[in-house]
């Protein structure tokens, strides 16, 4: 069963839509999953991946409750900018233990942790539904990056996609989604990094089996 829900609004008032899928009654009980794209607005391939997964789940429900947000940062996606309409890098805005106001150019973390309506909406959804499997869609590396207890999932997703899996993205990420939910909370967090910045169907075809696996569907 599919339901659509507006889970928040962007800085400019655009609705942030989540599509929820319920598993069949015979499915084994598992914690909910959240998958989201376009936290960075200049990574439209991630929104494509999310939309393609939604299309697949319309035909066959996932093996666990699954919520998909195709685009968290709609303002940035429409403008073609990494940051949101207040020029905040949303992946530095989460209320992690390592959040800091210090930043490099282009990585403004906001006036305070979770100051932005987009990060607030995503955080509220995760808390409300008790999600424990969290998959973030990003570009432009080629890796399944894991935090918290996401290593096993990342390694299997990497095998299915032909991508390496790593617990180190190579640089500090204060205030990131993975810092809050993986490092601090110990949840199952995987960041799927595809090497395509623009809309490219290969972002989907390369990761299709891995994303199906993440919601307990046969590959």
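The values are calculated or read from the model by the stated rules, or taken from the named source; none is laboratory data. What you see is a predicted model, and the numbers here were worked out from it, not measured in a lab. No Cβ is skipped: glycine too gets one built from the backbone with ideal geometry, and neighbour counts run over all protein chains shown.
Condition test on residue 82, is it over 17 Å from residue 216 (Cα atoms) and part of a loop (DSSP other than H, G, I, E, B)?
Considered against the rule, which asks whether it is over 17 Å from residue 216 (Cα atoms) and part of a loop (DSSP other than H, G, I, E, B), residue 82 comes out as yes.
Test residue 18 against the criterion of being out of contact with any strand residue (DSSP E or B) (no Cβ under 9 Å at 6 or more places or on another chain) and either over 21 Å from residue 150 (Cβ atoms) or at pLDDT 95 or above (or both), and give yes or no. Step through it out loud before you land on a result.
On the way: out of contact with any strand residue (DSSP E or B) (no Cβ under 9 Å at 6 or more places or on another chain): no; either over 21 Å from residue 150 (Cβ atoms) or at pLDDT 95 or above (or both): yes.
The answer is no for residue 18.
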